[in-house]
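Trainee: The structure follows.
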Amino acid sequence: MDQKLIELYVQRGRLRERISAQRTQLQRDLAPLQRALGRVDHARALWTRARNWASAHPALVTAAVVTVVVWRPRRVFQVLRWGFATWNQWSPLRRWLSLDIPAR
């Protein structure tokens, strides 16, 4: 083989090694940004799902808005907090009740 061609192949190999090292370093440096962007993507997906749900159920959205307007917002939040607390306590209980615990 021609000496010049051998030198080109060696140079090409070195460049590929450098490129690979740079890609690895870039991936390591951008890991925190990738996690943050993943969270942003997740939030956007949730927002899109909520928007699609709201447009598919306009009557429920209207009823919720009317409820907030008719009741005082503080009362609505109290009811929501009570409902959330009840749901938080019911969920583990429901999971526990659904377990098949053998009788002794």
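The values are calculated or read from the model by the stated rules, or taken from the named source; none is laboratory data. Being a predicted model, the structure only gives us computed values, none of them experimental. Using ideal geometry, Cβ is built from the backbone for each residue, glycine included, and neighbour counts are taken over all protein chains shown.
Trainee: Could you figure out which of (1) touching a Leu at 6+ places or on another chain (Cβ under 9 Å); (2) modelled with pLDDT under 90; (3) of a type in the set (Gly, Ala, Ser) isn't true of Ala54?
Mentor: (2)
Trainee: Scan segment 24-52 and report the pairs whose first residue is closer than 28 Å to Thr62 by Cα and whose second residue is among the small types (Gly, Ala, Ser), with Cβ atoms within less than 6 Å and a gap of 6+ or a chain change.
Mentor: none
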